[in-house]
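Asks: First, the structure itself, so that you have it in front of you.
The values are calculated or read from the model by the stated rules, or taken from the named source; none is laboratory data. Note that the coordinates shown come from a computational prediction; the quantities given were computed from them, not determined experimentally. Methodologically, a virtual Cβ is constructed for each residue, glycine included, from the backbone with ideal geometry; neighbour enumeration extends over all protein chains shown.
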Amino acid sequence: MDQRTMVSTLAGAAGKEVTLYGWVDVVRDQKAVQFIVLRDESGKVQLVNDRDASAGIAETIAGLTLDSTVRAIGTVELNDRVKLGGLEVRLASLEVLSSAAPALPLNAESALDTRLDWRFVDLRRPENRLIFEIQTAVEQSFRRTWQADGFLELHSPKLMAGASESGAELFRVDYFDTSAYLAQSPQFYKQMAMAAGFGRVFEIGPVFRANPSFTSRHDTEFTSVDVEISWVESHEDVMAFEERLVANMLADVSGVFGERIRETFGTEVRVPTVPFPRISLADALQAIRARGYEVRREAGDLDPEGERQLAAYIQETAGHEFVFVTDYPVSVRPFYHMRQAGNPELTKSFDLLWKGLEITTGAQREHRPEQLVSQVREKGIPEEGLAYYLDFFRYGCPPHGGFGLGLTRVLMILLGMANVREVTFLYRGPNRLFP
RNA sequence: GGUCCUGUGGUGCAGCUUGGAGUGCACGUCGGCCUGUCAAGCCGAAGGUCGCGGGUUCAAAUCCCGUCAGGACCGCCA
């Protein structure tokens, strides 16, 4: 291992002997000369062996199966004839570390569901590795912004005694002689951190939703990016932070990966201008209606087609991929969203849509205990289970707000993928718990 | 949960409308050939309960009913 050379560094190693570790990508076994394409985490390179030069290696190559793992030792030779990087490695030894069973159960054309069955093989493909290199860069960029702004990182518990949101359904698990629930959001604990005086916090972690949602943009477990900020004047402060966080991220990702994303996924990464456009829900519904589409939802929220229509409207009028939708009515928001002082039917909340898909819900939270209790009662939520939560606000709590951002949705839009399953390491949905 | 769509060698498809021998294509696998390939090429071979059950028919991958599995959209949401 100490001597391992990565394929990506071979151009600078002409004439040297190198030790490579990787997978057998292709075998072209001819009468006089044999070629292997070896794939490692950094790229692919051609290995070459003259049968006359080494009968032992020749025999090993003849028995190779695709995706077997090997250790190859050889000399780097620059050779313009070789289309793959203009170089090859002339083998001095070849050792099979693990022989793959013949006939891989999938190939690049396989259906997504088949690929998910054999995800560990599917993920070997370089374009799939790239997705997770980009995911890593996205999270690093977020952390860069948080660190510069003095945020603390939170690791909140995923086992809870009850619900932390009103709408979404919960997974119940055995917990000794009682039951516990998997956290559908770190919402309450983020707010506890505000009461604890942490000031500004973030968490990147799993959340669980027991909704039987059969769509390309839902999973039952996904990674949520959560932020909470103290001492805000309104949800505007939260939106101002989020747009900066997202714009920084897209600038970082675009700089490092923009070209590869275009080449690999055919998607252009555009760095958005700040501030993002804002539109009230009422104005959004009117603009959508003016385009000839009537949102059918009785509750008054946008439906998926409405979101797409709004995205088109914003693109045409503001030339922007993002839009904050604000001023949601109390009826479609959870009890903890703060209401507008002059208009108690509306909340100080927002959604963020990117290319017509909801990626965030955020709000200023209600931090005044009397008001909060009254909103709990108004929503008809039993207070017993919320006692510990309501206590957070009884001994001095700063005004605060925050948001949750769906990491998988962000990656899906960023790369122009059609399905969150493509950008999830291991997808979990109503019909999938394996592998 | 609702609507619609799809199940055919290891993988991806075509065949179904208008029933006629498991027919075809691409990738992969196995064997052979091949003086540097690079999407290698050429020749050959193996590999199938056409998701499952029932029905119609002389005859069903094909038509009908049921069932199971998966997917897309809607609802719910990040």
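Asks: Counting only residues that are away from RNA strand B (no atom under 12 Å from the Cβ), more than 18 Å from A:S8 (Cα to Cα) and crowded, with 17+ Cβ neighbours inside 10 Å, how many does the stretch A:32-68 have?
Replies: Within the stretch A:32-68, residues that are away from RNA strand B (no atom under 12 Å from the Cβ), more than 18 Å from A:S8 (Cα to Cα) and crowded, with 17+ Cβ neighbours inside 10 Å number 3.
Asks: Further, regarding this structure: Here is a list: A:S179, A:S185. Which entry is within 24 Å of A:T347 (Cα to Cα) and in the same structural domain as A:R339 (by TED's automatic domain parsing)?
Replies: None of the others qualify; the one that does is A:S185.
Asks: Okay, moving on. Report those strands (runs of 3 or more DSSP E) wholly inside the stretch A:333-435 carrying at least 1 residues which are surrounded by fewer than 19 Cβ atoms within 10 Å (Cβ to Cβ), touching a residue at least 12 places away in the same chain (Cβ under 8 Å) and assigned by TED's automatic domain parsing to the domain that holds A:E236. Even if it seems obvious, please write down each step before you answer.
Replies: Numbers: elements: A:343-347, A:349-354, A:357-364, A:400-406.
The strands (runs of 3 or more DSSP E) meeting that bar are A:343-347, A:357-364.
Asks: Check off (1) under 18 Å from A:L411 (Cβ atoms); (2) part of a helix (DSSP H, G or I); (3) away from RNA strand B (no atom under 16 Å from the Cβ); (4) among the acidic types (D, E) for A:E236 and give me the number that stays unchecked.
Replies: Only one criterion in (1) under 18 Å from A:L411 (Cβ atoms); (2) part of a helix (DSSP H, G or I); (3) away from RNA strand B (no atom under 16 Å from the Cβ); (4) among the acidic types (D, E) is unmet by A:E236, namely (1).
Asks: So which residues in the stretch A:288-307 are more than 20 Å from A:G362 (Cα to Cα) and out of contact with any helix residue (DSSP H, G or I) (no Cβ under 7 Å at 6 or more places or on another chain), if there are any at all? Quick ask: steps written out before the conclusion?
Replies: Within the stretch A:288-307, the subset more than 20 Å from A:G362 (Cα to Cα) is A:288-298, A:305.
A:R289, A:A290, A:G292, A:E294, A:R296, A:R297, A:E298, A:E305, listed by residue number.
Asks: Something else: Are there any pairs, at least 6 apart or on different chains, whose C-beta atoms fall under 9 Å, with the first in the stretch A:303-315 and without any contact (Cβ under 8 Å) to a residue 12 or more places away in the chain and over 14 Å from A:F276 (Cα atoms) and the second part of a helix (DSSP H, G or I) and away from RNA strand B (no atom under 13 Å from the Cβ), and if so, which?
Replies: Listed by first residue and then by second, the contacts come to nothing, as the list is empty.
Asks: Which of the following residues is more than 13 Å from RNA strand B (Cβ to nearest atom), farther than 21 Å from A:L414 by Cα and among the aromatic types (F, W, Y): A:F132, A:F151? Lay out the reasoning, then the answer.
Replies: On the way: A:F132 fails: farther than 21 Å from A:L414 by Cα.
It is A:F151.
Asks: Under the condition of being charged (D, E, K, R) and over 22 Å from A:E41 (Cβ atoms), which residue from the stretch A:65-121 is modelled with the lowest pLDDT?
Replies: Just the residues of the stretch A:65-121 that are charged (D, E, K, R), to begin with: A:67, A:71, A:77, A:80-81, A:83, A:88, A:90, A:95, A:109, A:113, A:115, A:117, A:119.
Filter again for over 22 Å from A:E41 (Cβ atoms), leaving A:77, A:80-81, A:90, A:109, A:113, A:117.
Values: A:E77: 94, A:D80: 91, A:R81: 90, A:R90: 94, A:E109: 82, A:D113: 89, A:D117: 89.
So, considering only residues that are charged (D, E, K, R) and over 22 Å from A:E41 (Cβ atoms), the one modelled with the lowest pLDDT is A:E109.
Asks: Here's a follow-up. If A:R262 meets every condition in (1) of a type in the set (D, E, K, R); (2) in contact with a Lys or Arg (Cβ under 8 Å, 6 or more places away or on another chain); (3) surrounded by fewer than 18 Cβ atoms within 10 Å (Cβ to Cβ) apart from one, which number is that one?
Replies: Evaluating A:R262 over (1) of a type in the set (D, E, K, R); (2) in contact with a Lys or Arg (Cβ under 8 Å, 6 or more places away or on another chain); (3) surrounded by fewer than 18 Cβ atoms within 10 Å (Cβ to Cβ) leaves (2) as the failure.
Asks: Tell me, which residue of the stretch A:182-202 that is assigned to a strand (DSSP E or B) and surrounded by fewer than 22 Cβ atoms within 10 Å (Cβ to Cβ) is modelled with the lowest pLDDT?
Replies: The residue in question is A:L182.
Asks: To continue, here is another question. Starting from residues that are touching a residue at least 40 places away in the same chain (Cβ under 8 Å) and within 11 Å of RNA strand B (Cβ to nearest atom), keep the ones in the stretch A:94-117 and report whichever is surrounded by the fewest Cβ atoms within 10 Å (Cβ to Cβ).
Replies: So in the stretch A:94-117, the residues touching a residue at least 40 places away in the same chain (Cβ under 8 Å) come out as A:94, A:97, A:100, A:112, A:116-117.
When the remaining residues are screened for being within 11 Å of RNA strand B (Cβ to nearest atom), the result is A:100, A:112, A:116-117.
Working: A:A100: 16, A:L112: 14, A:L116: 20, A:D117: 16.
That would be A:L112.
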